[in-house]
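Colleague: Pasting a structure here, questions to come.
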Amino acid sequence: MMATLAIVAAAAAAAGQQGMGSNPDHCFALRGSLANSRIKIEREKKARVAFLGGSITEANGWRVFTQELLKKRYPDTDFDFVDAGISSTDTTLAPFRLKSTVFPKGPVDLLFFEFAVNDLHNSRTATESIRGVEGIIRQARTLNPAIDLVILYCADEDKMEYVRKGQVAPQIAAHEKVAQHYGVSAIDLAREVTLRIDNGEFDWKKFGGLHPSPFGHQLYAASIGRFLDAAWKEPLPADAAVKPHPLPDKPLDPQHYGRGRFVDIKEATVRSGWQLVPNWKPSKGATRKQFVNCPVLEANEPGATLKLKFNGTAIGVLEAAGYDVGILEFSIDGAPFRKLDQFTQWSEGLHIPWAYLFDAELKPGDHELTLRVSADKNPKSQGHAARLLQFLVN
């Protein structure tokens with residue numbers, strides 16, 4: 001884990017400052033080039049811009065304000081905005097859903113993404129965060145080598161305390177490690193919010209907290225505007241052309257999720273107890289709008305068993321983990337069964353979309369997963385259910 005954050009020095013250099021600490025207007029690091037998306041926006045007058053993240057991105061906040069900012073600055077440009085924020089999701093799921101939710105209409109020219117808040121609250125480890133962010137970057141630049149990327153670090157009280165102690169939150173440190181390796185620009189919104197609050201400009205309540213108020217979302221968008229001002233400060237050269245970004249041959253983590261994909265639940269071979277529900281919706285309890293009235297592979301009784309043949313180095317599931325989910329037992333290639341408790345801290349009131357990877361360090365090649373419902377369950381759960389939305393294969 002990094003002890004210090006190079007974003008400070010990089011942003012200070014971009015701002016012409018000796019240090020970034022005293023200037024909340026420059027809490028960003030410019031890395032590489034954002035010329036490709038600028039050419040699309042300014043010269044070709046047609047650009048696709050995507051926004052990937054959790055509930056902070058899904059909300060009609062900084063995402064919408066940034067879209068309005070771009071349309072105001074470039075009124076003659078035909079923008080196609082891709083809204084790919086899904087509440088509760090994090091960097092583990094993001095690479096697996098990238099193709100279906102960010103690239104469903106083809107190449108994306110500019111992608112903003114944020115997951116530092118959800119990686120904390122979903123208890124993702126540094127290794128998981130690195131593999132997830134690296135997966136986003138490598139897969140995005142495989143789907144479109146010319147894509148410009150910007151990673152955002154949104155604010156929560158935990159990250160603000162790290163700023164005040166002169167330290168870096170573990171999630172930001174992990175994301176930054178990847179961003180630096182790939183030359184991806186970053187905006188440290190957590191740092192900016194902390195500095196502005198401590199300068200007496202507003203308080204955490206006015207900002208709106210972890211899920212910002214309109215005031216807080218406007219602040220995020222204004223920061224993005226200043227970042228773009230700095231990135232696109234100099235005129236485009238007359239001979240400027242769209243060029244692929246370099247992609248390092250050697251990844252930070254060979255087990256990154258850059259080959260992550262969904263595998264349809266219909267690919268499973270049911271042995272007993274599972275049934276395909278074509279248009280699932282919960283009988284009680286809330287859910288996220290993206291995961292209702294959709295196909296679900298459901299089991300409700302212990303002993304329900306299925307098998308899935310797959311090729312890759314990682315296998316898992318995206319599921320709706322609600323109030324009645326049980327414990328799953330899984331075996332890969334006939335190995336002894338291991339257990340996974342599906343119940344989360346939010347499950348009692350929400351069928352939360354959750355990505356579980358059973359094993360992310362398999363040898364490349366063909367494998368077979370055996371999945372069954374255990375007779376055991378979490379004491380807080382009201383049942384033994386399992387509701388699979390997709391299989392996750394890397």
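The values are calculated or read from the model by the stated rules, or taken from the named source; none is laboratory data. Please read these numbers as outputs of a predicted model, since none were measured by experiment. For neighbour counting, all protein chains shown are included, and Cβ atoms are generated from backbone atoms with ideal geometry for every residue, glycine included. We work out accessible area using only protein heavy atoms, side chains counted, and drop any ligands, DNA or RNA first. Shrake-Rupley method; radii C 1.70, N 1.55, O 1.52, S 1.80 Å.
Colleague: Quick one: residue 90 ticks every box in (1) open to solvent by 10 Å² or more (accessible area, probe 1.4 Å); (2) of a type in the set (D, E, K, R); (3) within 30 Å of residue 261 (Cβ to Cβ) bar one, so which box is it?
Modeller: Against the list (1) open to solvent by 10 Å² or more (accessible area, probe 1.4 Å); (2) of a type in the set (D, E, K, R); (3) within 30 Å of residue 261 (Cβ to Cβ), residue 90 comes up short only on (1).
Colleague: Could you identify the single residue in 303, 260, 225, 216 that is in contact (Cβ under 8 Å) with a residue 24 or more places away in the chain, of a type outside the set (A, V, I, L, M, F, W, C) and more than 28 Å from residue 37 (Cα to Cα)?
Modeller: Checking each option against the conditions leaves just 303.
Colleague: Determine which member of the set 206, 177, 243, 266 is open to solvent by 30 Å² or more (accessible area, probe 1.4 Å), within 30 Å of residue 312 (Cβ to Cβ) and more than 21 Å from the chain's Cα centre (by Cα).
Modeller: Of 206, 177, 243, 266, the one residue that is open to solvent by 30 Å² or more (accessible area, probe 1.4 Å), within 30 Å of residue 312 (Cβ to Cβ) and more than 21 Å from the chain's Cα centre (by Cα) is 266.
Colleague: Same structure again: For a quick check of your reading of the model, give me the residue pairs whose first member lies in segment 156-177 and is over 12 Å from residue 191 (Cβ atoms), whose second is open to solvent by 90 Å² or more (accessible area, probe 1.4 Å), with beta-carbon atoms closer than 6 Å and at least 6 apart or on different chains.
Modeller: Close Cβ pairs satisfying both conditions: 173/1.
Colleague: Same structure again: Name the residue, out of 91, 66, 4, that is of a type outside the set (A, V, I, L, M) and at pLDDT below 95.
Modeller: 4
Colleague: Follow-up. Starting from segment 351-380, keep only residues that are under 18 Å from residue 300 (Cα atoms) and assigned to a loop (DSSP other than H, G, I, E, B), then list their pairs with residues that are among the basic types (Lys, Arg) and open to solvent by 30 Å² or more (accessible area, probe 1.4 Å) whose Cβ atoms are within a distance under 7 Å, requiring at least 6 positions of separation or different chains.
Modeller: So the pair list comes out as 374/339.
Colleague: Let me ask something else. Evaluate segment 312-321: report whether one residue or more is open to solvent by less than 60 Å² (accessible area, probe 1.4 Å) and over 27 Å from the mean Cα position of the chain (by Cα).
Modeller: So far as segment 312-321 goes, no, none of its residues is open to solvent by less than 60 Å² (accessible area, probe 1.4 Å) and over 27 Å from the mean Cα position of the chain (by Cα).
Colleague: Select the strands (runs of 3 or more DSSP E) contained entirely in segment 29-137, then report the ones holding at least 2 residues which are over 26 Å from residue 174 (Cα atoms).
Modeller: 46-53, 78-85
Colleague: Looking at 21, 16, 61, 106, can you tell me which residue is over 18 Å from residue 143 (Cβ atoms) and modelled with pLDDT of 95 or more?
Modeller: On inspection, the qualifying residue turns out to be 61.
Colleague: Please go through segment 74-109 and give me each residue that is over 27 Å from residue 390 (Cα atoms) and touching a residue at least 60 places away in the same chain (Cβ under 8 Å), ordered by number.
Modeller: The one that is over 27 Å from residue 390 (Cα atoms) and touching a residue at least 60 places away in the same chain (Cβ under 8 Å): 109.
Colleague: Same structure again: How many of the residues in segment 24-78 are of a type in the set (Gly, Ala, Ser), surrounded by fewer than 22 Cβ atoms within 10 Å (Cβ to Cβ) and under 21 Å from the mean Cα position of the chain (by Cα)?
Modeller: Selection size over segment 24-78: 2.
Colleague: For segment 328-346, how many residues meet the condition of being part of a loop (DSSP other than H, G, I, E, B) and either touching a Cys at 6+ places or on another chain (Cβ under 8 Å) or within 24 Å of residue 260 (Cβ to Cβ) (or both)?
Modeller: Here the count works out to 5.
Colleague: Residues of segment 251-285 being basic (Lys, Arg), at pLDDT 95 or above and in a loop (DSSP other than H, G, I, E, B), which ones?
Modeller: 259
Here's the yes/no breakdown for (1) touching a Lys or Arg at 6+ places or on another chain (Cβ under 9 Å); (2) at positive phi; (3) of a type outside the set (Ser, Thr, Tyr):
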{"residue": "334", "(1), (2), (3)": "no, yes, yes"}
{"residue": "346", "(1), (2), (3)": "no, no, yes"}
{"residue": "349", "(1), (2), (3)": "no, no, yes"}
{"residue": "362", "(1), (2), (3)": "no, no, yes"}
{"residue": "367", "(1), (2), (3)": "yes, no, yes"}
{"residue": "393", "(1), (2), (3)": "yes, no, yes"}
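Colleague: Scan segment 302-311 residue by residue and report those that are assigned to a strand (DSSP E or B) and open to solvent by 10 Å² or more (accessible area, probe 1.4 Å).
Modeller: 305, 307, 309, 310, 311
Colleague: Could you list, in sequence order, all residues of segment 331-348 that are within 26 Å of the chain's Cα centre (by Cα) and open to solvent by less than 20 Å² (accessible area, probe 1.4 Å)?
Modeller: 342, 344, 347
Colleague: Tally the residues that are open to solvent by 40 Å² or more (accessible area, probe 1.4 Å), assigned to a strand (DSSP E or B) and either within 18 Å of residue 383 (Cα to Cα) or basic (Lys, Arg) (or both), restricting the search to segment 288-301.
Modeller: Count: 0.
Colleague: Report those helices (runs of 4 or more DSSP H) wholly inside segment 168-242 carrying at least 2 residues which are out of contact with any Pro (no Cβ under 7 Å at 6 or more places or on another chain) and closer than 17 Å to residue 30 by Cα.
Modeller: 170-182, 189-198, 214-231
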